[in-house]
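Down below is the structure, laid out as structure tokens.
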Amino acid sequence: MKVLIADSLAPQAMQRLQAAGIQADDRAGIELAELLNVLPEYQGLIVRSRTKVTAEVLAAGPNLKVVGRAGVGVDNIDLAAAAAHGVAVVNTPVSTSVAVAELTMALMLALVRSVPRADASIKAGVWDKKSFEGAELAGKTLGILGMGNIGAKVARRAAAFDMDVRGFDPFLDDATIQTRGALAAKLDAIYSESDVITLHLPLLPDTRGMLNEVTFEKMRRGVYLVCAARGGVIDEDALLTALNRGQVAGAALDVFATEPPGASPLVAHPQVIATPHMGAQTAEAQTRAALDVADEVANVLLGKPMRWQVK
């Protein structure tokens, strides 16, 4: 059995597959034309977010049994086409949760205390601390949209900062949300009562553009927004307008509808902190993701039970 690793992955993945008796070929950065040409040789394919596993790609792999996504989101994989071809799709939903939750808290703190602007100011030779009066997280209401693995970890960390944590998740009941560290709240209540809102939602037809001109108007004036989930969940034009009007006091964004976003007006806005989709970029998370995806792909190929098959 052979597995193609199409995107950059920690070397532990190849080592784990080979230990299971599976040949693993590291072809990180492989382009579409070559992928289509060589895929018939493989029973497994491992990707991150770069490689798009479209219906065309799946059709080019007649022997393909499993696609493994080293990470949480699977919006770069055509799940319907995979099901039609009898290809299992697995991901690693817990491997990067700590890294993303910690980045969320870092962005939140940097946002309310203007850390990037203060750093740029002092490096420019200016000592003007009065210009950087910020806010404290303690006593503020945090609204978490999406109470999955990452949202739950953010909730626990925010509680340690003495925040009042509210959570919304359309797939979880109130009792489950509460066990994950937040008081369950309706979506409109999250909008109207939160001082800070953080998003931990997948990009789906129902969540695309979920934060838009209408929803920004429902929010408390001067709200702070953090998104380390998926680009496209926020209508970026509407966010820019809300920032310019002061409806949103500041936004910290690790993801964008188009990546890289370039020098857009939103990225250049003085009240925006922008980072390059680096939520999962810790050494620990990368190792966990590599091992988890290798194990899941091996489980499929060896006929063992799967932990994280994507429905």
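The values are calculated or read from the model by the stated rules, or taken from the named source; none is laboratory data. Keep in mind it's a predicted model, so treat the numbers as computed, not measured. Note: ideal-geometry Cβ built from the backbone for every residue, glycine included; neighbour counts use all protein chains shown.
Results for (1) surrounded by 14 or more Cβ atoms within 10 Å (Cβ to Cβ); (2) aliphatic (A, V, I, L, M); (3) in contact (Cβ under 8 Å) with a residue 24 or more places away in the chain; (4) touching a Ser or Thr at 6+ places or on another chain (Cβ under 7 Å), shown as yes or no for each residue.
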position: A33; (1), (2), (3), (4): no, yes, no, no
position: L39; (1), (2), (3), (4): yes, yes, yes, no
position: Y42; (1), (2), (3), (4): yes, no, yes, no
position: R50; (1), (2), (3), (4): no, no, yes, no
position: A55; (1), (2), (3), (4): no, yes, yes, no
position: K65; (1), (2), (3), (4): yes, no, yes, no
- Give the residues of the stretch 234-247 that are part of a loop (DSSP other than H, G, I, E, B) and either under 18 Å from G262 (Cα atoms) or in contact with a strand residue (DSSP E or B) (Cβ under 6 Å, 6 or more places away or on another chain) (or both), sorted by residue number. D235
- Note on the structure: Over the stretch 1-34, the set of residues closer than 12 Å to V47 by Cα and either β-branched (V, I, T) or in a helix (DSSP H, G or I) (or both) is V3, I5, A13, I30
- Task: Could you figure out which of (1) surrounded by fewer than 18 Cβ atoms within 10 Å (Cβ to Cβ); (2) more than 27 Å from E136 (Cα to Cα) isn't true of L301?
- Result: (1)
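Yes/no matrix, rows are residues, columns are (1) modelled with pLDDT under 95; (2) farther than 21 Å from I190 by Cβ; (3) in the same structural domain as L211 (by TED's automatic domain parsing):
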{"residue": "A80", "(1), (2), (3)": "no, yes, no"}
{"residue": "A118", "(1), (2), (3)": "no, yes, yes"}
{"residue": "G143", "(1), (2), (3)": "no, no, yes"}
{"residue": "A160", "(1), (2), (3)": "no, no, yes"}
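So that you can scan it fast, the table gives a plain yes or no per residue for (1) over 21 Å from the mean Cα position of the chain (by Cα); (2) within 21 Å of L9 (Cα to Cα); (3) in contact (Cβ under 8 Å) with a residue 60 or more places away in the chain:
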{"residue": "G222", "(1), (2), (3)": "yes, no, no"}
{"residue": "A229", "(1), (2), (3)": "no, yes, yes"}
{"residue": "G246", "(1), (2), (3)": "yes, no, no"}
{"residue": "A257", "(1), (2), (3)": "no, no, no"}
{"residue": "L266", "(1), (2), (3)": "no, no, no"}
{"residue": "H269", "(1), (2), (3)": "yes, no, no"}
{"residue": "R288", "(1), (2), (3)": "no, yes, yes"}
{"residue": "V297", "(1), (2), (3)": "yes, yes, yes"}
- Item | Extreme residue, farthest from A249 (Cα to Cα), among residues of the stretch 87-130 that are free of Cβ contacts under 8 Å to residues at least 12 places away in the same chain and not aliphatic (A, V, I, L, M) | G125
- Message: Just the residues that are in a helix (DSSP H, G or I), under 15 Å from N244 (Cα atoms) and aliphatic (A, V, I, L, M), please, taken from the stretch 264-288.
- Response: L266, V267, A268
